[in-house]
Structure formats: structure tokens, C-alpha cells
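The values are calculated or read from the model by the stated rules, or taken from the named source; none is laboratory data. Everything numeric here is computed off the predicted structure, so don't read it as measured data. Here Cβ is always computed from backbone atoms with ideal geometry, including for glycine, and neighbour counts include all displayed protein chains.
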Amino acid sequence: MERRPGSHTSAAARPGTDTSLLISVEAGCYAPMVSLVNTVDIHTKRLNAANAAFITTPIFTSALLAIARAWDATWCAAYPWDIIPLWPKSGPGQPHFRMAWITYLSPRFAPMVTPPRSAIVDRTAEGGLVMTATEDRFDVANPAHLAVARDIDAAIAPINALPWPPDAEEANKFKPPSSPRSAR
């Protein structure tokens, strides 16, 4: 795959401990899956007694919004690893925004979504949309948490129905001009 100009960086805090945190950023370039221009991942250890104090809705919402603003993200989500097996499989070349605990949509895509009544909904000053499945720490085993996450997932269906990647027009702004090929 051809890489585009941009940058990749990552930072780790307390590696090797139960409270380790890793942040990885691809900015101003295509993501490894050739889709979104700006991607950010936050990784924690699985929920444990040591990290439970910071894996909370207020902390993760604040982190998610800071990331969205800093990298002009199309979509951000916070979700536990246990939800991944519940995601539907995408067709070839058709990744999707996924079911999550907390979902952020950029101002470009927020108007395409009617938030479900079951979700906790906030709008950012810039026009972004934040939908949260629960104020509690998300638990895939809790049917009420999972039902709201599925409602949010259904609400973002209009975005997932767009040709992929949905932000291709924005991504093209970052492509360098093509160099002319010499005739032989």
C-alpha cells in the first residue's frame, strides 16, 4: 500500500503495569486500512482493580472529545474488547463505524443521524454529536447497555451506507499532486 505524507506517533504511560495506557496516532495520512485520514487508538489493559478508577464515562468522553478536536476526526469510539465479536462482518472494502460505548461523529456526519431516545446525547460547540450507551462503565453482559449500543449502531446506519470511505473527499485534500510520467 502506498503511504501518503503525514505522521505517526505513539506514547505509552506505565507500560507493563495493570494501569498501562497506549495512544497511537496517524495524522494527515491514510490509515493502515486505506480509509480515514486521521485515526487515534487508545489502548488500556482489560478492566482490572487498578485501572477501574480511570475507565469511566466522564474520563473516556473527555479523552474522546480531546482527540476528535485535536485530529479533526470523522468518528471516534470508546468500546470494550468484549464487544468486538458482536460487530457484524463488513464486506470487502466496506469497513463500518462500529457499535460502541461512546460514539462521536464529526460535524460533517452528525446531521445524517437521528440519535436514539435510549442514548445519552450531547452536541459539541462545533456541531459534532456524542452518543453514549450508559453513564456506567459499559458491560457487554448487561442487556440494557448492549440494547442502547445497538440502538446507536442502528442510528449510524446512514453513514455506513455511504460509499467507502465516507470522508474520501476530505482525504483527497491531503493527497500530494501526482507527478507527471515521462513518455517513453
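A few remarks follow.
- Filtered residue count, the range 129-143, keeping only those that are in contact (Cβ under 8 Å) with a residue 40 or more places away in the chain and closer than 25 Å to Ile159 by Cβ: 6
- Failed condition for Val121, given (1) over 20 Å from Thr56 (Cα atoms); (2) without any contact (Cβ under 8 Å) to a residue 12 or more places away in the chain; (3) in contact with a Pro (Cβ under 7 Å, 6 or more places away or on another chain): (1)
- For the residues Ala171, Ala100, Ala155, the requirement of being out of contact with any helix residue (DSSP H, G or I) (no Cβ under 8 Å at 6 or more places or on another chain), at pLDDT 80 or above and buried (at least 20 other Cβ atoms within 10 Å of the Cβ) singles out Ala155.
- Only a single criterion out of (1) out of contact with any Leu (no Cβ under 9 Å at 6 or more places or on another chain); (2) at pLDDT 85 or above; (3) of a type in the set (Phe, Trp, Tyr) is not satisfied by Phe109, namely (1).
- Index of the failed condition, Pro32 passing every other in (1) closer than 26 Å to Asp139 by Cβ; (2) at pLDDT below 85: (1)
- Residues that are touching a strand residue (DSSP E or B) at 6+ places or on another chain (Cβ under 7 Å) and of a type in the set (Val, Ile, Thr) were ranked within the range 113-123; the one that is nearest to Thr74 (Cα to Cα) is Val113.
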